[in-house]
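The values are calculated or read from the model by the stated rules, or taken from the named source; none is laboratory data. What you are looking at is a predicted structure, and each value in this text was computed from that prediction instead of being measured. Using ideal geometry, Cβ is built from the backbone for each residue, glycine included, and neighbour counts are taken over all protein chains shown.
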Amino acid sequence: MASAASVAPAIAIRDASYHPPGGPTLLQSLSLEIATGVTLVLLGRSGSGKTTTLKLMNRLLDPTAGELLVEGRPARDWDPIRLRRHMGYAIQDVGLFPHYTVERNIGLLPAVEGWPATRTRERVRELMALVGLDATLATRYPRELSGGQRQRVGVARALALDPPILLMDEPFGALDPLTRAELQGEFYRLQQRLGKTVVLVTHDLREALLLGAQIALLESGRLAGLYTPAEFLRTHDPLAVAYRSAFTAKNDGGTRPPAARAGELQ
Amino acid sequence: MNLLDYLLAHPREVFTLSMEHISLVGISVGIAILVGLPLGVAISRRPAIARAVLGAVNSIHVVPSLALFGFLFAVPWIGDRAPRMAILALSLYALLPILRNVCAGILGVDPAVVEAGRGLGLTDAQLLRRVELPLALGVIVAGIRVAVVLAIGIGTIAAAIGAGGLGELIFRGLAMVNDSLIFAGALPAAVLALFADLSLGWIEGRLRERV
């Protein structure tokens, strides 16, 4: 066990299980460590437990067995509000506050943290520039933005308090392929610059390979494997192989529908 | 005899009774909002209790309004004065639409938005004040609108227990078989209801289009 906080991983999950009362087991004895400054991708199909794992990290859910350590401290000892403000949280574009302008969406957390208005406004401007949003969009409402712009607002909002950890649940999920590739590239460069610890949930192998320093492959609530992108491309693990062939088939086929994916993974 | 005769001959009396009517309705709906808002928020958090509470409040509507006004004679302090009874009865009637819409409005907020707010680190109170209530406001105003229109109509019956308001002209007209007198009470009541409905409907529309 690490004694100094500096060597403790940003997040450590030890033998965590989660099954809601009366429901199926969503997560089974998962152990995972995320080193500070590293981007870890949770890859898996729908229902594999990746979103559940993410929600354990900011205590939207608490494990029914096992434990989590955040920066060496048990998650249960953290005040959930402080813990969440210590981690940015970005989900698909539906999570923006529809009654707030872009400016207020991004500036909400600084405002509730009691920042003076001028400092909040400055921070919002800085963040909008950082994620590539034109300053003229500040007074727009989410419904007046394109999908790509909304995602950028979501990322900017998650970064508002400059948290050392960033949790992202399919942040680029609802985008058309071109905008998606564009934002993935931008996010990659942003991540190189900011050096935050990032946990990113996706079912998109390309996204996982592009953005992840590590890829945790989940299946039926269990960790099926932990790879670097290079390892993932080489491994003979049947599940990883299935993922690769599903995505290669999709790319080779060009117009072939991705429906084949589910079948090949059975 | 012209229907407008009494109204034109006694404008001051009609005006005074209209004001009485407005204050009865205003105070009653005000009380219903003060009770319904926090109670609606509370039951929106506990769906099991929500059903029981809404059922209980709903059962008030089963009691014929004239009888409800009568029952309140027996209640200490309230029964001493007719306006008190009228206000309590009208508040009880106005409570249901408000309570139901506060609850439905909050439960109707996109769960993804609420979860994003929670995940970002908003406290329950911040989430309620900054996200849930503003987004539910259109639905809540719709409930208030129903409550006001309902209270204006039922409020005319309050005159039966001597609480005043426009019902006084209607009951007098009924007793004297005088259409012009009935009309002098019914027309202002209808105009009030229409005005309240349109103006609150306009506010509701403005609030809903933001979302």
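Only residues that are more than 8 Å from chain B (Cβ to nearest Cβ) and within 20 Å of the chain's Cα centre (by Cα): list them for segment A:89-115, please. The answer is A:ALA90, A:ASP93, A:ASN105, A:ILE106. Counting only helices (runs of 4 or more DSSP H) that fall entirely inside segment B:1-72 and contain at least 1 residues that are charged (D, E, K, R), surrounded by 19 or more Cβ atoms within 10 Å (Cβ to Cβ) and in contact with a Pro (Cβ under 9 Å, 6 or more places away or on another chain), the qualifying elements are B:11-44.
Within segment A:55-67, residues that are under 13 Å from A:LEU83 (Cβ atoms) reach partners that are in a loop (DSSP other than H, G, I, E, B) with beta carbons closer than 7 Å, at six or more positions or on different chains, in the pairs A:LYS55/A:LEU61; A:LEU56/A:PRO63.
Right, B:ALA89: in contact with a Phe, Trp or Tyr (Cβ under 6 Å, 6 or more places away or on another chain) and under 25 Å from B:ILE170 (Cβ atoms) or not?
yes
Just checking, does segment A:75-86 include any residue being within 22 Å of A:GLU170 (Cα to Cα) and more than 14 Å from chain B (Cβ to nearest Cβ)?
The initial filter retains those residues of segment A:75-86 that are within 22 Å of A:GLU170 (Cα to Cα), namely A:83-86.
Retained after the next criterion (residues that are more than 14 Å from chain B (Cβ to nearest Cβ)): none.
No.
Flag not set for B:VAL102, criterion: buried (at least 18 other Cβ atoms within 10 Å of the Cβ) and within 14 Å of another protein chain (Cβ to nearest Cβ). For A:VAL102, the conditions (1) over 21 Å from A:VAL41 (Cβ atoms); (2) surrounded by fewer than 20 Cβ atoms within 10 Å (Cβ to Cβ) all hold with the exception of (2). Selection of segment B:162-187 for residues being surrounded by 21 or more Cβ atoms within 10 Å (Cβ to Cβ) and either under 17 Å from B:SER23 (Cα atoms) or in contact (Cβ under 8 Å) with a residue 40 or more places away in the chain (or both) yields B:ALA163, B:GLY165, B:LEU166, B:GLY167, B:GLU168, B:LEU169, B:LEU181, B:ALA184, B:GLY185.
Within the option set A:ALA90, A:ALA129, being surrounded by fewer than 16 Cβ atoms within 10 Å (Cβ to Cβ), closer than 27 Å to A:ARG180 by Cβ and touching a helix residue (DSSP H, G or I) at 6+ places or on another chain (Cβ under 8 Å) holds for one residue only, A:ALA129. Checked against the criterion of being more than 14 Å from chain A (Cβ to nearest Cβ) and either in a loop (DSSP other than H, G, I, E, B) or under 27 Å from B:GLY26 (Cβ atoms) (or both), the candidates B:GLY153, B:GLY138 yield just one match: B:GLY153.
State which residue pairs qualify: first residue facing chain A (nearest Cβ under 7 Å) and under 14 Å from A:ARG85 (Cα atoms) and inside segment B:114-128, second residue crowded, with 23+ Cβ neighbours inside 10 Å and of a type in the set (Phe, Trp, Tyr) in any location, beta carbons under 6 Å apart, and separation of 6 or more residues or different chains. What qualifies is B:GLY119/A:TYR89; B:LEU120/A:TYR89. Any idea which of A:PRO171, A:PRO177 is surrounded by fewer than 15 Cβ atoms within 10 Å (Cβ to Cβ) and at pLDDT below 90? Only one candidate passes the filter, namely A:PRO177.
Remark: A:THR120 falls outside the filter, which requires a residue to be in a helix (DSSP H, G or I), surrounded by fewer than 16 Cβ atoms within 10 Å (Cβ to Cβ) and more than 12 Å from chain B (Cβ to nearest Cβ).
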